[in-house]
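Just so you know, all these numbers are worked out from the coordinates, no wet-lab data involved. Quick caveat: nothing in here was measured; it's all calculated off a predicted structure. Virtual Cβ from ideal backbone geometry, glycine too; neighbours counted across all protein chains shown.
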Amino acid sequence: MVKLYDKGAYLLNGTDIVTDEAEVKARLGQDIAREKAAEQTIAYRILKEHNTSGNMDRLQIRFDKLTSHDITFVGIIQTARASGLEKFPMPYVLTNCHNSLCAVGGTINEDDHMFGLTCAKKYGGVYVPPHQAVIHQFAREMLAGGGKMILGSDSHTRYGALGTMAMGEGGPELVKQLLNKTYDIKRPEVIAIYLDGEPVKGVGPQDVALAIIGATFGNGYVNNKVMEFVGPGVGKLSADFRIGIDVMTTETTCLSSIWVTDEKIQEFYDIHGRREDYKELKPGAAAYYEGVVYVDLSEIRPMIAMPFHPSNVYTIDEVNANLKDVLHDVEKKALVSLDGAVEYSLQDKIRDGRLYVDQGIIAGCAGGGFENICAAADIIRGRYIGADAFTFSVYPASTPVYMELVKNGAVADLTAAGTIVKTAFCGPCFGAGDTPANNAFSIRHSTRNFPNREGSKLQSGQIASVALMDARSIAATAANQGFLTSATAMDVEYTGKKYHFDSSIYANRVFDSHGVADPSVEIQFGPNIKDWPSMPALPENLLLKVVSEIHDPVTTTDELIPSGETSSYRSNPLGLAEFALSRKDPAYVGRAKEVQAAQKAIEEGKCPISVLAELEPVLEAIRQAYPNVGEGNLGVGSTIFAVKPGDGSAREQAASCQKVLGGWANIANEYATKRYRSNLINWGMLPFITEEVDNALSFGNGDYIFVPDIRKAVAEKQTDVKAYVVGDSLKEIRLQLGDMTDNEREIIQKGCLINFYRG
């Protein structure tokens, strides 16, 4: 089904994978240097066109367009305003698809929406009102273009199937673009995703995506690399099918994606009235890839990613055939994911030897596409979901998609079956809509199924869980009134309805400045839209207290700052910070604030011991070896340890919430994604690496770590940093900072990106 090559390979003429260089020479009739062949990938060519550094090993990228949604755009624009923003220098689209229903404790959603509208007018942007489109669907319909690059503040910013290299990063990276700065990275490796064969009837894009995620996530095969989709199987897939696979590449932890393009992608642009944005893309005659993922599409069967990660994959047939064993395995994994905080079991979902599901949802950028919903309607037509606990909801990804589904009768078929068809909204993906009942089990064609991602509240003793599936098998399950069913088990004639895009709703409702700023517009603020608090520069010496210790194999951004209702405080940095690690380590905020009080005392010219008495013996121990450490040259802050933090969302709040609570660093064995590490740096936090095994650390929760001359170490580009665990004496440890650009080092020295741009 999916095979990973253990070394790099050449792709000849876009069709043949060759690993032996002698064979490559024989077939080409000439030598070709690996380095030159690596320049023949689609990804390399696009990166070269957008690189401003003149050095392809050290990229400085300027993107063509930007996009954000209403969890992130307020913070981005507030940061940019504080850093000198005058106008948007490129097309910047603000969508309102994450907080579109109701406020649940923080900012009234419409306050943020009006902030966005007035900023689009003032600075020359595009504003998409609530319920019109989810962020990525609007980008596909209106922004993508062959050979272009788009940067979004949402991790699932992926438009590779349309020939656009897109990346999802934290807000500060968009701020840099808004201030005419660049996105600075080492040139990423490129991995070929070689598609062969053709999917069988009933298999959808989510099935293919989950198979790839299952094969690549755990081993990091594509981590921070570009996935380039090639091979004869690509041509067997519709544009919608490719898009559905492409959006899920984020869950492999890759950096970006790009696909070969053909007449089906040209047709996509034709349908959307943008033929001029199509560009044929294909690798050169001999392109070299650092790895290959071979996918036989014909062998893939309907898949299910069981809780609590998209990589926890099985075939649906495998689950049904080994139900008790699979559920037992999930429950064992839950003990790690949930820290034993609540009892968790799925055994009660077994009814007469079958798995009963409480909820089915097709939604968002992954599931809400036209073909997915049409297929679901074909499956459920003439059937009904029943009158038991099972519910079924469908969210078309945009109003134009919804309009066409109304016109072709799909909405009527779904509604007659008992389905609730709703508006374009990302809520089910991150816990802001259709939260299941306690102990309920939901199947969703959406992007993630992390713990509590569906909106349950572990801290209140409530737990529910989500499995990811394709829309077709979700509809098959709905047609069987909640009993888990593979779409391939259904005898269905798929109608294959053609899509017609009607742009009138956008023309009538979307505000588009066409790049013209109006400085006279007054920005409309709500009472809970707050500025960022002031943040000090990196001190000469740093004293860190470990205030949380996380030993999970991977720590998601959802665990660092929960999604769902907490995002109602998105516009209030201090208000949102109160929820940091609330589901993983509820004591974190209190511990961090205690340490922060010492730093605030220092900034006010007071003795930190006066507010944190435990510092007295700590400082005494330090001064035995460093007698000059003290007033004017010492900062005090908090840090956390996690084995591998940062999988998941691009939202920078996972880092910024720690920073506004006085965090100065993270210590990790490795960082799950580039974007989380970048977020730490942009908020002035040190991304330390330790080589110590996580279960044998020389420090623990509550310990102090003294890092002398840290400012000097950063300035002098040291990668290996000497530090000490403080007890009765100092115990030396080594921490690594890893590779950083000159700008990143300066950002850390100045305390955060805002300070960096203020000068």
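Cut-off under 16 Å on the C-alpha distance; same-chain residues fewer than 8 positions from Lys722 excluded. Which aspartates and glutamates are left, in chain and number order?
Glu540, Glu691, Glu692, Asp709, Glu732
Straight-line reach only, C-alpha to C-alpha below 14 angstrom: list the aspartates and glutamates that Lys600 could link to, leaving out same-chain residues fewer than 8 apart.
Glu631
What is the calculated FRET efficiency for Lys731 to Ile420, with r their C-beta to C-beta distance and R₀ = 41 Å, to the nearest 0.05?
The pair Lys731/Ile420 has a calculated efficiency of 0.10.
Which of Met56, Met227 comes first, and how do the rest follow, when ranked by fewest Cβ neighbours within 10 Å?
Met56, Met227
In a shell of Cβ-Cβ distance under 14 Å around Tyr269, excluding Tyr269 itself, what net charge do Lys and Arg (+1) and Asp and Glu (-1) give?
Here the charged neighbours net out to -2.
Please find the FRET efficiency linking Asp325 to Ser520, where r is the Cβ-Cβ separation and R0 is fixed at 60 Å, and quote it to the nearest 0.05.
0.35
What angle do you read, to the nearest 10 degrees and between 0 and 90, between the alpha-carbon axis of helix 370-380 and the longest principal axis of the chain?
So the helix axis and the longest Cα principal axis differ by about 60 degrees.
Have a look at Thr673, Leu686, Asn755 and report the one farthest towards the positive end of the charge dipole of segment 541-758, computed about the Cα centre with Cβ charges (Lys/Arg +1, Asp/Glu -1).
Asn755
Report the antiparallel proportion of the DSSP beta bridges in the chain as a percent, rounded to a multiple of 5.
The antiparallel fraction comes to roughly 40 percent.
Please report the base-10 log of the normalised intensity I(q)/I(0) for the chain, using a Debye sum with one equal scatterer per alpha carbon and no solvent, at each q in 0.08, 0.09, 0.11 (1/Å).
One equal scatterer on each Cα of the chain leads to -0.64, -0.81, -1.21.
Among Glu169, Glu616, which comes first, second and so on when ranked by fewest other beta-carbon atoms within 10 Å?
Fewest-to-most Cβ neighbours within 10 Å comes out as Glu616, Glu169.
Give the order of Val24, Val295 when sorted by the count of other beta carbons within 10 angstrom, beginning with the fewest.
If I rank by nearby Cβ atoms, fewest first, I get Val24, Val295.
Pairs of lysine in segment 303-494 with Cα under 30 Å and at least 8 positions apart or on different chains: total?
Final tally of qualifying lysine pairs is 12.
How do 667-674, 66-73, 81-88 rank on mean C-beta neighbours within 10 Å, highest first?
66-73, 667-674, 81-88
With +1 assigned to the C-beta of every Lys and Arg and -1 to the C-beta of every Asp and Glu, and no other charges, what is the dipole magnitude of segment 496-609 about the Cα centre in debye, to the nearest 20?
That gives a dipole near 260 debye.
Would you calculate the separation in nanometres between label points at Val336 and Thr15, each defined as 7 Å from the Cα along the Cα-to-beta-carbon direction?
4.4
Distance from the Cα centre of segment 273-334 to that of segment 420-463, in angstrom?
The distance from the Cα centre of segment 273-334 to that of segment 420-463 comes to 22 Å.
Which value, in debye to the nearest 20, gives the size of the charge dipole of segment 612-686 about its Cα centre, when Lys and Arg are +1 and Asp and Glu are -1 at the Cβ?
It comes to approximately 460 debye.
So which of Lys225/Lys750; Lys236/Lys497; Lys545/Lys712; Lys264/Lys497 end up more than 24 Å apart, counting from Cα to Cα?
Over 24 Å apart, Cα to Cα: Lys225/Lys750.
Hey, how many Å between the Cα centroid of segment 183-217 and the Cα centroid of segment 57-86?
28
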